[in-house]
Amino acid sequence: MRMSCPFTSAFRTSSSSSLPVQGEGDAKEEQLKKYYIDETNTEETTLFGQKVDNTQSLKAGRRGPTLMEDFAFREKMMHFDHERIPERVVHARGVGAHGYFETYQDWSDLTAAQFLRTPNKKTPVFVRFSTVLGSRGSPDTVRDVRGFATRFYTEEGNFDLVGNVIAPFFVHDAIKFPDIIHAGKPHPDREVPQAGTAHDTAYDFFAEFPETIHTVLWALSGRGIPTNFRQCEGFGVHTYRLVTEANKSVFVKFIWKPKQGLCNLVWDEAQKIAGKDIDYHRKDLYTAIERGDYPEWEFGVQIVQEKDEMAFEFDLLDPTKLIPESIVPFTPLGKMTLNRNVTNYFAETEQVTFCVGHIVRGIGFTDDSLLQGRIFSYFDTQINRMKGSVNYMTLPINQPVVPVHNNYRDGAMQMGIPKGEVAYYPNALQGNAPRIAEKTYLDYPEKIDNVTKIKAQVPSVDDHYSQAQLFYNSLEEAEKQQLVDGARFEIGKCRMEIRERMVKILNQVDNGLARRVAAGLGVSPPDRVAENPGKTSKGLSIAAYPKPDNIRTRTVAIMTAPGINAADAKATYDFLKSEGAYPEYVGVTLGNDQDDLDITATYLTTSSVLYDAVYIPGGDSGIEYLLTANNSFFPAEEPLLFVIDAFRHAKPIGVTNEGVKLLEKANLDINAPGIVKGSAVDHHYFEDLKEAIRQQRFWSRLPLDEQV
Ligand code: HDD
């Protein structure tokens with residue numbers, strides 16, 4: 001049943017009586033509910049309300065052609081043929097979720113933004129995570145930057161913080177954005193490769209344009225292959241302003257810090273997941289929310305006083321640089337919780353139109369030219385996606401939770417019916433309504449004097465390497481190795497001339513890094529040409545990020561087969577479940593026939609790359625079965641590959657009694673870190689297993705260059 005259209009009452013009238021309570025955590029949900037369509041127990045009609053039987057088209061005789069007069073057929077085809085809208089030119093693949101933001105305290109001394117001024121006030125949010133380069137149907141786990149776009153539906157209108165999971169950005173001038181995107185997207189002649197930068201044009205551009213190297217190193221590290229979206233940091237990237245009622249301003253960088261910890265995939269694992277389950281990240285977010293394990297992020301700022309604008313070695317307004325947390329600490333302002341999945345992917349996640357120009361009183365822009373370019377760009381892209389309609393902000397997901405009044409008129413798909421003869425200001429006929437508002441957006445009165453129009457950049461932007469060094473130096477050894485491996489893979493897909501140019505750029509960052517990468521590329525090791533002074537900062541290493549104190553949402557595969565020790569399997573399953581983890585029995589066939597275990601995945605339908613950890617119970621004949629399996633239910637040696645992958649992807653592996661034989665047969669070091677061995681599934685064993693799963697990955701298990 002279609003609900004009555006609420007536009008006229010809730011969106012563009014002078015009455016706000018039917019709006020949800022503004023600024024409440026569920027205000028957006030209440031608003032959206034008015035648009036829900038429930039078709040249970042309804043009879044089918046055309047769009048114009050005629051009841052129809054849609055099982056057959058109207059034909060001239062049983063074997064005859066469909067008649068042109070079949071209005072139901074014509075209308076159904078028309079609608080189907082137009083179901084698609086253009087995908088986003090970047091960030092086409094994404095997943096969204098609703099939630100709320102809660103401010104920790106009154107931040108009036110920093111900002112006039114109301115949603116940050118009432119302690120514990122809940123503001124509804126909608127977040128869309130995305131990859132950048134891939135098209136809408138591309139795999140989730142490709143190596144890429146990821147988008148982290150948040151809309152706050154505040155009592156003063158929408159605030160869209162359209163950020164990424166990587167702190168710096170590749171270029172500092174928005175005019176270069178189409179170039180870098182074209183370089184990363186598939187080649188225009190053959191339209192390959194899809195969803196990644198491991199190809200000639202991407203690295204041709206990076207090598208030509210060394211200001212990209214800082215962000216390239218982030219993308220080559222674990223930051224480019226996160227384990228899931230719940231374990232990603234988010235960055236507003238640009239330096240913004242906060243502005244108080246008294247028009248005092250500070251510079252800020254916005255950051256999201258996940259309570260779930262940070263973690264990344266191993267590249268081999270990421271590639272396998274891209275085949276085994278291309279929806280891995282979107283399913284992860286959906287499942288956690290559906291099971292009530294709501295992901296949370298602290299939202300905060302790094303604050304720089306106006307007087308310190310020029311106090312840094314880098315330019316504060318240069319988005320290719322970050323502010324090291326060792327210099328300016330993170331101040332948490334509040335917490336975001338994502339607690340509701342979308343009801344309809346297209347209506348919400350696809351039709352949400354983020355815009356960097358959606359800003360609220362108390363938050364201000366800076367002269368960062370990338371930011372300025374973005375404020376301009378997002379309008380165009382939405383008009384294109386919304387097929388030319390300038391009324392896209394009236395879509396349910398886009399409406400603010402406050403009334404909207406203006407003299408705009410018409411445009412495709414105008415859903416409201418504005419009354420009266422006046423559509424201009426000033427007017428006497430309507431008493432000057434909509435009248436000039438009192439508490440409007442605070443344009444910070446920044447002084448811009450004596451400037452000359454010029455196509456040039458400030459010299460401070462030319463230091464491309466200091467922060468690339470800072471990032472590289474701040475990684476732990478295993479993370480550096482993953483970065484080197486990532487570079488060898490990506491640049492290794494490029495032709496020799498580009499490999500050589502990229503090694504030269506890396507050599508400007510760090511000679512050791514360049515030599516290590518060169519060794520895998522058939523490029524001669526370069527001589528040192530630049531000093532790396534060895535500076536580090538906290539806040540850059542994924543491995544050093546604080547871990548949560550629990551194992552909620554961690555997925556654990558419990559390997560089973562006929563003859564396995566079912567009692568141990570069950571006890572471990574129950575323990576993990578009681579701790580909030582997501583254990584799953586993996587077996588030979590689905591169902592409950594094997595020892596009454598509820599087997600929901602098989603060695604054919606799943607793979608250890610899809611879990612955070614693996615447990616192998618004992619049981620002689622069960623292990624024997626897994627070792628010698630030669631049947632038509634799954635590929636031979638799959639159980640061995642299962643543990644080999646878990647091992648080389650640095651995952652915790654629990655194993656009791658005869659289960660060890662599986663690891664031995666696979667030639668794996670049973671004394672390696674993260675292998676939790678035991679002879680009984682007792683309290684002590686479970687505590688050890690839990691601790692290993694909490695650690696999530698044992699990076700020291702991965703070989704370093706020196707060991708190879
Ligand atoms: Fe952008 C989408 C993030 C630079 C132009 N961008 C888009 C999305 C995110 C970002 C997360 C997806 C929003 C969603 O989920 O719907 N973009 C960034 C960040 C940047 C950045 C963090 C650098 C700091 N972007 C950037 C520049 C331009 C654009 C310099 C152009 C001048 N971005 C767009 C766009 C998109 C977009 C073409 C495509 C789809 C959309 O806007 O909604 O307008």
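The values are calculated or read from the model by the stated rules, or taken from the named source; none is laboratory data. Model, not experiment: these values are computed from the prediction. Heads up, the Cβs are rebuilt from the backbone with ideal geometry, glycines too, and the neighbour counts pull from every protein chain shown. Note: areas computed on protein heavy atoms with side chains; ligands, DNA, RNA excluded. Shrake-Rupley method; radii C 1.70, N 1.55, O 1.52, S 1.80 Å.
Summing Lys, Arg as +1 and Asp, Glu as -1, what charge do residues with Cβ under 10 Å from the Cβ of Leu265 carry, Leu265 excluded? Walk me through the intermediate numbers first.
Numbers: positive: Arg143, Lys272, Arg697; negative: Asp268, Glu269.
Counting the neighbours of Leu265, the net charge comes to +1.
Using alpha-carbon pairs under 8 Å, 6+ residues apart, how would you state the relative contact order of the chain in percent? Before the final figure, lay out each step's value.
On the way: 1406 pairs, mean separation 88.0, N = 708.
Taking the mean separation of contacting Cα pairs over the length of the chain, I get 12 percent.
Quick check for me: using +1 on Lys/Arg Cβ and -1 on Asp/Glu Cβ, what's the dipole size of the chain about its Cα centre, in debye to the nearest 20? Kindly include the intermediate steps, with their values, before the conclusion.
Numbers: 78 positive and 96 negative charges, 300 e Å.
Here the size comes out at about 1440 debye.
Set Lys and Arg Cβ to +1 and Asp and Glu Cβ to -1, take the dipole of the chain about its Cα centre, and tell me which of Ile363, Ile417, Ser541 lies farthest positive.
Ile417
Once neighbouring chains are kept in place and the probe is 1.4 Å, which whole percent of the accessible area of the stretch 555-706 is contributed by carbon and sulfur? The partial results should precede the final answer.
Details: 3060 of 6100 Å².
Of all accessible area on the stretch 555-706, carbon and sulfur atoms account for 50 percent.
Once you list every other residue whose beta carbon is under 14 Å from the beta carbon of Thr55, what net charge do they have if Lys and Arg are +1 and Asp and Glu are -1?
Numbers: positive: Lys51, Lys59, Lys76; negative: Glu43, Glu44, Asp53, Asp70.
Spelling it out: positives minus negatives among the neighbours equals -1.
Pick out, from Pro445, Val517, Val401, the residue whose Cα sits farthest towards the positive end of the charge dipole of the stretch 400-547, with +1 on the Cβ of Lys and Arg and -1 on the Cβ of Asp and Glu.
About the Cα centre, the residue reaching furthest to the positive side is Val517.
Assuming 0.36 nm per residue, please report the length gained on full extension of the stretch Glu477 to Phe379 beyond their Cα-Cα distance.
Values: separation 98, 0.36 × 98 = 35.28 nm, distance 4.35 nm.
Contour length minus the Cα-Cα distance gives 30.9 nm.
Scan around Asn427 for amide H atoms under 5 Å from its own, H built in the peptide plane at 1.01 Å from N, and keep only partners 5 or more places away or cross-chain.
Correct list: Asn432.
For Thr131, enumerate residues with amide H under 5 Å from its amide H, sequence gap 5+ or separate chain, H modeled in the peptide plane.
Amide H to amide H, under 5 Å and 5 or more residues apart or across chains, Thr131 pairs with Arg93, Gly147.
For the chain, with the dipole built from +1 on Lys and Arg beta-carbon atoms and -1 on Asp and Glu ones, taken about the Cα centre, which of Gly137, Val304, Ser377 lies farthest toward the positive end?
So the residue we want is Ser377.
List the aspartates and glutamates whose alpha-carbon lies under 16 Å from that of Lys33, not counting same-chain residues fewer than 8 positions away?
Correct list for Lys33: Glu24, Glu348.
Once a ≥ b ≥ c are taken as the square roots of the eigenvalues of the Cα gyration tensor of the chain, is the result rounded (a/c under 1.5), prolate (a/b larger than b/c) or oblate (a/b not larger than b/c)? All intermediate terms of the calculation are to be shown ahead of the outcome.
Numbers: a/c = 1.70, a/b = 1.21, b/c = 1.41.
It is oblate, given that a/c is not under 1.5 and a/b is not larger than b/c.
Using per-residue counts of other Cβ atoms within 10 Å, averaged over each peptide, order 164-176, 403-415 from highest down.
Values: 164-176: 22.0, 403-415: 13.2.
Put in order of decreasing packing, that is 164-176, 403-415.
Rounded to the nearest 500 deg cm²/dmol, what is the calculated helix-only ellipticity per residue at 222 nm for the chain, with -39500 (n - 2.57) per DSSP H run of length n ≥ 4?
Dividing the helical sum by the residues of the chain leaves -7500 deg cm²/dmol.
I'd like the Karplus ³J(HN,Hα) series for the stretch 120-125: coefficients 6.51, -1.76, 1.60, θ = phi - 60°, whole numbers in Hz, and an x wherever there's a Gly or Pro.
Ordered by residue, 3J(HN,Hα) equals 6, 5, 9, 10, x, 9 Hz.
How much net charge surrounds Thr244 when only other residues with a Cβ under 11 Å from its Cβ are counted (Lys, Arg +1; Asp, Glu -1)?
Numbers: positive: Arg117, Arg241, Lys248, Arg361; negative: Asp109, Glu245.
So the environment of Thr244 carries a net charge of +2.
Compute the separation of the alpha-carbon centres of the stretch 568-638 and the stretch 138-177 and state it in Å as a whole number.
If we compute the Cα centre of each part, the gap is 39 Å.
Using amide H atoms built 1.01 Å from N in the peptide plane, name the residues 5+ places from Tyr615, or on other chains, whose amide H lies under 5 Å from its own.
Counting only residues 5 or more places away or on other chains, the set is Ala557, Ile558, Met559, Gly654.
Nearest 5 percent is fine: what portion of the DSSP beta bridges confined to the chain is antiparallel? Display every interim value, and only then the final one.
Numbers: 60 of 79 bridges.
Percent antiparallel among DSSP bridges in the chain is about 75.
Taking 24 Å as the cut-off for C-alpha to C-alpha distance, list the pairs among Lys321/Lys504; Lys51/Lys387; Lys176/Lys455; Lys272/Lys538; Lys34/Lys335 that go past it. Intermediate results must be reported in sequence, preceding the final value.
Details: Lys321/Lys504 21 Å; Lys51/Lys387 30 Å; Lys176/Lys455 13 Å; Lys272/Lys538 32 Å; Lys34/Lys335 28 Å.
Too far apart for the 24 Å limit: Lys51/Lys387; Lys272/Lys538; Lys34/Lys335.
I need the phi-derived Karplus couplings for the stretch 266-271: 6.51 cos²θ - 1.76 cosθ + 1.60, θ = phi - 60°, integer Hz, Gly and Pro marked x.
So the Karplus estimates, Gly and Pro as x, are 8, 4, 4, 5, 4, 5 Hz.
Once phi is turned into θ = phi - 60°, what whole-Hz ³J(HN,Hα) does the Karplus curve with 6.51, -1.76 and 1.60 give for every residue of the stretch 546-551, x standing for Gly and Pro?
x, 8, x, 8, 9, 10
In debye, nearest 20, what is the charge dipole magnitude of the stretch 555-706 about its Cα centre with +1 on Lys and Arg Cβ and -1 on Asp and Glu Cβ, if you could check? Before the final figure, lay out the partial values.
Details: 11 positive and 23 negative charges, 62 e Å.
My answer is approximately 300 debye.
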